[in-house]
Amino acid sequence: MASGRKGRDRAVQEQYEDFPYPPRDPEDERKRLIVGSPSNLDEINHYIFGGTRSFDQPFRALVAGGGTGDAAIMMAQQLSDAGAGGSVTYLDMSKASRAVAEARAKIRGLTNIEFLTGSLLDLPNMGLEPFDYIDCCGVLHHLDDPDAGLKALNSVLSEAGGMGLMVYATIGRTGVYHVQDALKMLVGDLPQKQQVPLAKKFVTDLPSTNWLVRNPFVGDHKLGADAAFFDLLLHPRDRSYTVPEVYQFLEGAGLDLVTFIEPVKYDPCVFLKDTDLVKRAKKLSALEQASLAENLTGSLKIHLFYVRKSGSNQEAAKIEPNMTPVLKEGNPGTALAAAFKGKTSFEVNFDGVKTRFTLPDRSAEMAALIDGHITLREMAEKMGLSWDRFRALFAPFFKLLNGWNILWLRVSSAK
């Protein structure tokens, strides 16, 4: 069995050579583009650049720990669609994973990705120009020293830039680490590919009292793919974070949290029913509210969030007349308007937690006007409202949909 830091480093590298992750078939690029958070350009623009960034201008993005390419392909395609100004640097230590990512890019005809093999810990010494944006998801929690990894990322981030990060969340992964420890004892001395068949037998026969069996929020081990199974339950190095630990993690690297994604998941007032408890929750700090929500729902298995350098003066986009509201994936608001029509409330399912939200007045009407081009001032005019009256109406509508992470703002000329 590998032991010590170097042994675990070697085991982690071997894992991603044996099991490129996430498992992807490059041929699928002919029929779909995988999109998500973080690193959607409209989302980045809203949270990191105040909605003012134009992506047809020079823009440098880094995907640190690029795996089989989801984030790199998504950003490169979006940047290519926006113009000729953006480029993506892909970095990963697994040659097998890189080969999958390169094959995906080739099928799409993307020429704006630079592929590098290596560790993100080497970034400070690689001679790279600063990046406007860095994506690092599912990587830092697998390092021997996550703090060193985050500082390495920060060292190559431009002063005005930001990052989209993801680390595992402790409470929602209840049961994972119990099974990991059990499997280390049972099969940890075997070569990695030989661990999987025995580990699957072990998981199949787990008693109903086991915490992994009782946790409905973690299902990777049921997907059948060896890479997903191994990454969840046999990973040689894996840690998780609570909300307070995320804050401490960022503070140690000189970074500030911009927002968790989706924001509504970190608002305890969404899940509390008693009015007295809601009042007390509203008095808590942002950190305390997010921590309360995490403990309250128990469903968060990852923490996904945007960060900027500490002391940055940039803020997320705000409701202003020249801002254009943009729905997720550039969708027009007609479908959303139809879903809202005639309703005063709307139910949303987040990680198995069904929550009913009150719809602000005229929600369907506002949703119907959103087309990715119309400005808020123009929306006010079409609704026959003064700016002040429209803003008062739009603010709770925006808070609701932005909380679901489906609506952002950008300056009308920024694309």
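The values are calculated or read from the model by the stated rules, or taken from the named source; none is laboratory data. Because the structure is a prediction, the values reported are computed rather than measured. Backbone-built Cβ (ideal geometry, glycine too); neighbour counts: all protein chains shown. Surface areas here come from the heavy atoms of the whole protein model, side chains and all, with no ligands, DNA or RNA. Shrake-Rupley method; radii C 1.70, N 1.55, O 1.52, S 1.80 Å.
Taken together, the residues in segment 302-315 that are at pLDDT 95 or above and surrounded by 15 or more Cβ atoms within 10 Å (Cβ to Cβ) amount to 8. Within segment 133-153, at least one residue is open to solvent by 10 Å² or more (accessible area, probe 1.4 Å), more than 25 Å from residue 226 (Cα to Cα), under 26 Å from the mean Cα position of the chain (by Cα) and not charged (D, E, K, R). Looking at 42, 92, 70, 56, just one residue is out of contact with any Phe, Trp or Tyr (no Cβ under 6 Å at 6 or more places or on another chain), more than 20 Å from residue 154 (Cα to Cα) and buried (at least 17 other Cβ atoms within 10 Å of the Cβ), and that residue is 70.
Pairing residues of segment 30-45 that are under 15 Å from residue 262 (Cα atoms) with residues that are part of a loop (DSSP other than H, G, I, E, B) and of a type in the set (S, T, N, Q), at Cβ distances under 8 Å and at least 6 apart in sequence or on separate chains, gives 37/405; 43/37; 43/405.
Screening residue 328 against (1) open to solvent by less than 90 Å² (accessible area, probe 1.4 Å); (2) more than 30 Å from residue 298 (Cβ to Cβ); (3) among the basic types (Lys, Arg) leaves a single unmet condition, (2). Of the residues in segment 301-315, none is more than 23 Å from the chain's Cα centre (by Cα), in a strand (DSSP E or B) and hydrophobic (A, V, I, L, M, F, W, C). Only one of the listed residues (236, 216, 207) is outside any helix (DSSP H, G or I), modelled with pLDDT under 95 and more than 22 Å from residue 300 (Cα to Cα). That residue is 236. The residue that is modelled with the lowest pLDDT, among those in segment 270-288 that are assigned to a helix (DSSP H, G or I) and crowded, with 17+ Cβ neighbours inside 10 Å, is 270.
Among the residues of segment 274-288, the ones that are over 20 Å from the mean Cα position of the chain (by Cα) and under 19 Å from residue 259 (Cα atoms) come to 6 in all. Selection of segment 237-264 for residues being open to solvent by less than 50 Å² (accessible area, probe 1.4 Å) and under 18 Å from residue 174 (Cα atoms) yields 237, 238, 240, 241, 242, 243, 244, 246. Taking segment 328-356 as the range and being part of a strand (DSSP E or B) and either out of contact with any Leu (no Cβ under 9 Å at 6 or more places or on another chain) or under 25 Å from residue 45 (Cα atoms) (or both) as the test, the residues that pass are 347, 348, 349, 350, 353, 354, 355, 356.
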